[in-house]
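S.K.: Quick one: the structure is below, and I'll ask about it shortly.
Here, each number is a calculation from the coordinates, and none is a lab measurement. Keep in mind it's a predicted model, so treat the numbers as computed, not measured. Ideal geometry is used to build each Cβ from the backbone, glycine not excepted, and the neighbour counts take in all protein chains shown.
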Amino acid sequence: MESRPLVPGRGSLRTRAQDQDAEQTYKRTAEKALEVNLNPLWYGTFAEIGAGQEVARWFFRVGAAAGTIAKSVSAYDMTISDSMYGASERYVTRERVAAMLDYEYLQCDLTLRKQRGADTAFFAFSDTVVAKAFGRDNECHGWLGIKYQDSPRSQPSSIMIHIRMLDSTAQLQQEALGVLGVNFIHAALTMGSDTSKIISSLFSDLTRSRMQVDLIDFSGPAFKDTDNRVAALRLVQLGLTDAALFDPAGAPRIPMEVLYKKNVLLTRGRFRPFTSLHNDMLMGAASQYFCEGQEEEEVVSLQNDECVFREDTIVLLEMTTRDMMEGGDLLDWTSDKGIQEDAFLQRIEALSTMGYSVMISSFRRFFALAAYISTFTRQSIVLAMGIPSLARLFDENFYSDLNGGILEGFGRLLRFNLKIYVYPTLDEKTGQLITAKNCKVEPSVQLLYDYILSRGTIVSINDFDERLLRHGDHL
C-alpha cells in the first residue's frame, strides 16, 4: 500500500490496516502516534499484558519507532511476569500496573540516563487487561498507566486509568485498546497539566459504545494542583463513563470493585444539605432491609427473600447530573459554563463525614441506574425514597420519549432484583400520614401502582420519627 506523508520531510505513515476504510477511521490515531515518534524528546518502554501489544503496535506501524521505543514487552506467563514485577494475587489491578510502571521506568531511566538523559524525557507505558474470553461472558476491563518526565532530568509524574471494554469480540477490544492507548500516551506527553484537555482527548477515534473510563488518577509534580475527585466528576460530565463512585473517605473508587457481589441500599437526592430526614429514611430502610436485630428463625426464613446482612451491603448516596424533574435546574456545582469545583468538593466532603459512599451519575431514570448497578452485582437492590419522589416515578410525562411509555419504564425497572422502600410524609392540608400503602397517584396509573405495591416491589418504611415529619427539613 502506498504510504502517505503526514509530516512533510520528516516521515510517513505506513499503515497495515486491511482496507482503506480502517485507515480512514483511525487517521487521527496514526497522526498522534507519528507525532510522538518524530519528537526526539520522548523515549521509553511499552509493557502490555492481556490483549496483545496493540498500543506499541501503532507506534511500530506508523514508522520512525526507533526514535521512541527503547523496549516493548508482553509478559503473559504469570511466573515470568512475577519475576519482573513481583508476585501478585491478581493481575488486572491498580497495584499491578503501578508495579509495572515503576519497574519499566526505573529500568529505562537507570540504563539510559548517562547516555542520553540530558536531552531526553523518559517514559514508561504499561497496561494490564482482561479481554473477551472464548465462550465466556466475562467483565472485560483493565488498567493503563504512564510514568513520564515532562522535561529531561525532571521528577516523573504518572497518570493511571481504569477502563471497561464493551466490544463483543476480543479482536474489536484489542483494536479499541490500541486506539485508546495512543490517545492516552499522546495526551500525557503533549498536553502538560491540563487535565480537562487530557480527559477530553481520550476517546478520539472511539465512541462510548466501545469503551468507558471510570477512574483516572493524576500524581506527581505535573499535577500538584490537581484534585482527583474533580477529575472523576469530569469523566461523567464529559461522557467517558456513566458514574463515578467515592468511598466514605471521599476518594474515587472503581464501581465494579465496590459493588461486586454486594447488596445495595441507595437513595437519590441533591443533599444540599444532607438532612435529618435523609438520615431517618436511610435508618428506617436499613432496619427492615438488614437482618441484624431479628430473631434467628426470622433470619433463616427471610434471608433468601427480604433481609440481608450489613457487612454484605453498600449504602450509596447518589446524585445525578441530570435532574429527574422536567425542567429541573442544574445541580449547584454545574452550570452551562462547566463545573464549579469548590461547590462540588464541599458537597463530597460534607457527605463523606456521614460515613456513606457517594455516586455521581448521568442517569435520569431509575431503571437506567438499576441496570448499571446490576452490571456489577446480582444481589438485591433497594431504592429508598420519599412520597414526592415516588409520585414523580409514576408521572407518565417522565416516560414520554419511550415507545412503551410508563409501562416500558416499569418493565425495565422490575426486571432487576429490586425493591422500592418508601418513607412516609404528611398531607400538607390535613396533616394525615401518607405511606406507600395509602399513596394516591394519577388515576390513569393508580391500577399500575396498586399492582406493583401488591407484588411487594413497593414497601412502606415503618420505622420512622414522626416528629421529624412534622417539624424537620424536607427531603
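S.K.: Note the listed values (i) 23; (ii) 15; (iii) 31, then indicate which one is percent of Cα pairs over 40 Å apart calculated from this particular structure.
M.R.: Checking each listed value against the structure points to (iii).
S.K.: I've got another one for you. Can you find, among PHE366, CYS291, SER454, the residue sitting farthest towards the positive end of the charge dipole of the chain, where Lys and Arg contribute +1 and Asp and Glu -1 at Cβ?
M.R.: Most positive-ward Cα: PHE366.
S.K.: Further question on the same structure: Report for the range 256-471 the percent antiparallel among DSSP-assigned beta bridges with both residues inside it, nearest 5. Could you put the intermediate results ahead of the total?
M.R.: Numbers: 4 of 29 bridges.
So the antiparallel bridges in the range 256-471 amount to around 15 percent.
S.K.: A further question on this structure: Round to the nearest 10 and give me the degree value, 0 to 90, for the angle of helix 341-352's Cα axis relative to the longest principal axis of the chain.
M.R.: Result, in degrees: 60.
S.K.: In addition: Using Cα atoms only, what is the angle between the long axis of helix 228-237 and the major principal axis of the chain, expressed in degrees (0 to 90) to the nearest 10?
M.R.: Once rounded, one gets 80 degrees.
S.K.: With charges only on Cβ, +1 for K and R and -1 for D and E, what is the dipole size of the range 156-256 about its Cα centre, in debye, rounded to 20? Display every interim value, and only then the final one.
M.R.: Working: 8 positive and 10 negative charges, 15 e Å.
Dipole of the range 156-256, to the nearest 20 debye: 80 debye.
S.K.: So who's got an amide H within less than 5 Å of the one on SER380, skipping anything under 5 residues away but keeping other chains? H placed 1.01 Å off N, in plane.
M.R.: VAL264
S.K.: Quick one: what are the phi-derived ³J(HN,Hα) couplings along the range 311-320, Karplus 6.51/-1.76/1.60 with θ = phi - 60°, whole Hz, x for glycine and proline?
M.R.: 5, 9, 10, 10, 9, 10, 9, 10, 10, 9
S.K.: Arrange ILE254, ILE185 by Cβ neighbour counts within 10 Å, fewest through most, would you? Provide the component values of the computation, followed by the final result.
M.R.: Details: ILE254 19, ILE185 27.
So the ranking, lowest neighbour count to highest, is ILE254, ILE185.
S.K.: Further question: Give the angle, between 0 and 90 degrees and rounded to the nearest 10, that separates the Cα long axis of helix 94-116 from the longest principal axis of the Cα atoms of the chain.
M.R.: The two axes meet at around 20 degrees.
S.K.: Of the peptides 98-110, 78-90, how do they stack up when ordered by the mean number of other Cβ atoms within 10 Å, highest first? Write down the numbers at each step before the final one.
M.R.: Working: 98-110: 19.9, 78-90: 13.0.
So the order, starting with the most tightly packed, is 98-110, 78-90.
S.K.: Under the Cβ-under-4.7 Å rule, which cysteines of the chain stay unpaired?
M.R.: When partners are defined as cysteine Cβ atoms under 4.7 Å apart, the chain leaves CYS108, CYS140, CYS439 without one.
S.K.: If the cut-off is a Cα-Cα distance under 21 Å, which lysines reach LYS197, setting aside same-chain residues fewer than 8 apart in sequence?
M.R.: Answer for LYS197, where 21 Å is the Cα cut-off: LYS27, LYS32, LYS147, LYS224, LYS337, listed by chain and number.
S.K.: While we're looking at this one, here's another question. Arrange TRP58, TRP143 by Cβ neighbour counts within 10 Å, fewest through most, would you?
M.R.: On the way: TRP58 24, TRP143 27.
Starting with the residue having the fewest Cβ neighbours, the order is TRP58, TRP143.
S.K.: Would you work out the charge dipole size for the chain about its Cα centre, treating the Cβ of every Lys and Arg as +1 and the Cβ of every Asp and Glu as -1, and quote it to the nearest 20 debye?
M.R.: Values: 50 positive and 62 negative charges, 322 e Å.
I would put it at about 1540 debye.
S.K.: Moving on. Taking the Cα centre as origin and putting +1 on Lys and Arg beta-carbons and -1 on Asp and Glu beta-carbons, what dipole magnitude results for the range 256-471, to the nearest 20 debye?
M.R.: Details: 22 positive and 31 negative charges, 95 e Å.
Charge dipole, the range 256-471, about its Cα centre: 460 debye, nearest 20.
S.K.: Counting other beta carbons within 10 Å of each Cβ, put ASP150, ASP247, ASP242 in order, fewest first.
M.R.: ASP247, ASP150, ASP242
S.K.: Kindly work out what percent of the DSSP beta bridges joining two residues of the chain are antiparallel, to the nearest 5. Provide the component values of the computation, followed by the final result.
M.R.: Details: 36 of 74 bridges.
Given both bridge residues lie in the chain, the antiparallel proportion sits at roughly 50 percent.
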